[in-house]
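Below: one structure, written as structure tokens.
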Amino acid sequence: VTLQRWMKSQPSSPLTNSWSIKQESSKNQKTKGVGGFVLVHAGAGYHSESKAKEYKHVCKRACQRAVDQLKAGALAVEAVAAALVELEDSPFTNAGMGSNLNLLGEIECDASIMDGKSLHYGAVGAISGIKNPVLVAKRLLSEAQKGKLSAGRIPPCFLVGRGAHDWAVSHGIPPCPSEKMATKFSLSAYKRNKRKMELAEKMDTGDQTKKRRQSSENENGSACLDTVGAVVVDLEGNVAAAVSSGGLAMKHSGRVGQAAHYGCGCWAENACNMNPYSTAVSTSGCGEHLIRTMLARECSAAMQSEDAHQALLEAMQNKFISSPFLASEDRVLGGVIVLRCCRCVEAQPSQNIQGILVEFLWSHTTESMCVGYMSAQDSKAKVSFLINVTSKIPRIVGIVILYSPVTPDI
């Protein structure tokens, strides 16, 4: 696998004065005081090449939605939620509308969101009848930030099933009939998978059956592993991450995947005295594999090393691919998008300008992954869609320096 690297310019170092000054002057001419960056994914799995155009388009729209929020002055947590809503609304992704159906032919979704500034987290699992599960997760996060409930009760951060649905409706999030959330694609996939299951159950157990099951997993992978997610850094340097999924096709009712689990689906943490970098991570793949390794939090912790590329490479290899917790698995399936940033003193051309150095990477062990990215100064999003390429080596997609005026103390 070849390593791909992309930059805004062609300097030998991203912190050289010539590049920094050029970036600052051009950005100030376009939008003064506007900054931020978004990185999204439409899942790591086995995407159909015939739907490549749709996956690219939804990633671009999700990036644009987040950037619109950033330009309006929204914080990272607001922008990342906006990106997820766009991804959930697409009939081609396995999240929200068009999600995989479970064994009973029903849609149950998982989602979570984390704010790197407050370190609050909100999540829902196996929720039905809600068009945008990430909005329920976000509302749980915001309600928790208000403090304790009456009689000193601790507000929930993670709700599941009917309780999650009822809580959402009671907090003003409109319900959506499950039959309206199913699409012709998800319904046809359900019927196809059901026929395959019925056929498999009629066969005798043995090596031949095992081979058929493995073949079936490969055929249905695109419907199983394409969880969606996003990571964002705003003008102030705050980071946020979110993830949403319809879960495995033909899953057991009540199953909750990594998209809802703390430290497994997403992670966001602003820089502090202990950590020099702000980090945000969103994962995709086989939920059971990601839960047992807590991959999102592991990748975030690894990003505190000086070399981001080497750190992600080692994290994917040691904490996931070769993890002792997954030693019994024939194939380890997963993918991550990672963003890290820090204040960039060397790149500041004057005392009135502050710079944020943003590095963003991704890695996946599945056959495909679709990723989109965009800064608030870009006119349009860029998309990378790899099919039939396993990328265990992290890809450094880019290094960007964001600029914003420093408000003088009065």
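The values are calculated or read from the model by the stated rules, or taken from the named source; none is laboratory data. Just so we're clear, the structure is a prediction, and the values are computed from it rather than from any experiment. Note that each Cβ is placed from the backbone with ideal geometry, even for glycine, and that neighbours are counted across all protein chains shown. With ligands, DNA and RNA removed, areas are computed over all heavy atoms of the protein, side chains included. Shrake-Rupley method; radii C 1.70, N 1.55, O 1.52, S 1.80 Å.
Of note:
- Selection from segment 114-167 of residues that are part of a loop (DSSP other than H, G, I, E, B) and buried (at least 24 other Cβ atoms within 10 Å of the Cβ): G116, I130, N132
- The single residue among A240, A230, A301, A271 that is surrounded by fewer than 24 Cβ atoms within 10 Å (Cβ to Cβ) and either touching a residue at least 40 places away in the same chain (Cβ under 8 Å) or assigned to a loop (DSSP other than H, G, I, E, B) (or both) turns out to be A271.
- Conditions (1) assigned to a loop (DSSP other than H, G, I, E, B); (2) surrounded by 22 or more Cβ atoms within 10 Å (Cβ to Cβ): number failed by S284: (1)
- Flag: M316 does not match the condition of being of a type outside the set (K, R), open to solvent by 10 Å² or more (accessible area, probe 1.4 Å) and in contact with a Cys (Cβ under 9 Å, 6 or more places away or on another chain).
- Filter result (aliphatic (A, V, I, L, M), more than 19 Å from V243 (Cβ to Cβ) and at pLDDT 95 or above) within segment 268-282: A271
- Conditions (1) out of contact with any helix residue (DSSP H, G or I) (no Cβ under 7 Å at 6 or more places or on another chain); (2) closer than 19 Å to A268 by Cα; (3) modelled with pLDDT of 90 or more: number failed by L361: (1)
- All conditions in (1) over 19 Å from Q258 (Cβ atoms); (2) open to solvent by less than 40 Å² (accessible area, probe 1.4 Å); (3) under 15 Å from the mean Cα position of the chain (by Cα) hold for A111, with the sole exception of (1).
- The listed residue being under 20 Å from L235 (Cβ atoms), at pLDDT below 80 and part of a loop (DSSP other than H, G, I, E, B), out of Q351, Q377: Q351
- Condition check for V383: at pLDDT 75 or above, surrounded by fewer than 23 Cβ atoms within 10 Å (Cβ to Cβ), in contact with a helix residue (DSSP H, G or I) (Cβ under 6 Å, 6 or more places away or on another chain) and not polar (S, T, N, Q): yes
- All conditions in (1) part of a strand (DSSP E or B); (2) among the polar types (S, T, N, Q); (3) within 26 Å of E198 (Cα to Cα) hold for S99, with the sole exception of (1).
- For segment 386-402, taking the residues that are open to solvent by 10 Å² or more (accessible area, probe 1.4 Å) and either of a type in the set (G, A, S) or assigned to a loop (DSSP other than H, G, I, E, B) (or both), the one that is modelled with the highest pLDDT is identified as V389.
- Selection count, segment 364-374, where residues are at pLDDT below 90 and among the β-branched types (V, I, T): 2
- Figure legend. Inter-residue proximity from segment 116-129: first residues closer than 16 Å to R255 by Cα, second residues at pLDDT below 95 and of a type in the set (V, I, T), beta-carbon distance below 8 Å, spacing 6+ or different chains. No pairs are indicated.
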